[in-house]
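Worksheet: one structure, shown below.
The values are calculated or read from the model by the stated rules, or taken from the named source; none is laboratory data. Here the structure is a predicted model, which is why all the values come from computation and not from measurement. FYI the Cβ positions are ideal-geometry reconstructions off the backbone, even for glycines, and counts take in every protein chain you see.
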């Protein structure tokens, strides 16, 4: 009997050991399978993001000239020192800041207004929602070319419409005072539809009974908007604010297509200046240093966004 008990105990121990081994083998196989599935994405991420970022950081400390790739010399912080002395960089930074400071609040306001309109019980709601969102899915290059024709000072549709009201033709993209504002108007028209959908989702998540209770208490529509709608859209507004800001500081396509940075550099942005120095002037070293500074700027915006969102959730 004692022998049988020992045999059963040994058999049970072997079974448990085998089960644990099979479980570890299964987990190891799952981990291996996970890395196998991640490998293509990691490879693409390394080739098209991590490696270029590393090379840009390295070249930012050199005098790399694109036509003389074999004559690279290490120059330390010289490129970064020149950034703060470069008048074109300063102007590009001011243009970018001006664009962001105007386009962010205007686009948010337009998007929120459209979302409030679509959220009402109106006929043909789907048609309006599709019409407002359709510019978002269009190619930004195509939209830029289209608006270039609309802004034509001689035959543009906008000036034709202004003429109906007795307003003289405006130079728009050919004027240093109007070019950036014209790009801002076009950018708001093109991008507000995407933020409209996000605001619309946020509006639909606000409990309806809050509005019903406010109506019973005699609150006006403006009071309901100020005390219920805006607080209910706080997290959504933070997300939209950050995404629009990041997109604004990366402005490139519109000035490249519509004005080529002109007139008189009034629409040259940071990203366009980096592109121009790197590919037109072929000064890869200096362009890389500006790209590093630009990356730090975007990272700072992202860190601020994370802190704001964390405080809102807390």
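Can you confirm whether residue 182 is buried (at least 16 other Cβ atoms within 10 Å of the Cβ), in contact with a helix residue (DSSP H, G or I) (Cβ under 8 Å, 6 or more places away or on another chain) and assigned to a loop (DSSP other than H, G, I, E, B)? So residue 182 does not fit the description; no. The residue that is farthest from residue 186 (Cα to Cα), among those in the stretch 247-264 that are in contact with a helix residue (DSSP H, G or I) (Cβ under 6 Å, 6 or more places away or on another chain) and surrounded by fewer than 16 Cβ atoms within 10 Å (Cβ to Cβ), is 250.
Within the stretch 161-179, which residues are loosely packed, with under 15 Cβ neighbours inside 10 Å and outside any loop (DSSP other than H, G, I, E, B)?
Of everything in the stretch 161-179, those that are loosely packed, with under 15 Cβ neighbours inside 10 Å and outside any loop (DSSP other than H, G, I, E, B) turn out to be 161, 162, 163, 164.
Screening residue 29 on (1) over 19 Å from residue 289 (Cα atoms); (2) loosely packed, with under 12 Cβ neighbours inside 10 Å; (3) within 33 Å of the chain's Cα centre (by Cα) shows it passes everything except condition (3). Please note which helices (runs of 4 or more DSSP H) are completely contained in the stretch 199-264 and include at least 2 residues that are under 28 Å from the mean Cα position of the chain (by Cα). The helices (runs of 4 or more DSSP H) meeting that bar are 234-249, 253-258. Just the residues that are at pLDDT below 90 and over 30 Å from residue 200 (Cβ atoms), please, taken from the stretch 133-159. Residues satisfying the conditions are 153, 154, 155, 156.
Filtered by the rule that a residue be assigned to a helix (DSSP H, G or I), surrounded by fewer than 22 Cβ atoms within 10 Å (Cβ to Cβ) and in contact with a helix residue (DSSP H, G or I) (Cβ under 7 Å, 6 or more places away or on another chain), the stretch 275-294 gives 278, 292, 293, 294. Please indicate, with yes or no, whether at least one residue in the stretch 142-149 is more than 23 Å from residue 105 (Cβ to Cβ) and out of contact with any helix residue (DSSP H, G or I) (no Cβ under 8 Å at 6 or more places or on another chain). So far as the stretch 142-149 goes, yes, one or more of its residues are more than 23 Å from residue 105 (Cβ to Cβ) and out of contact with any helix residue (DSSP H, G or I) (no Cβ under 8 Å at 6 or more places or on another chain).
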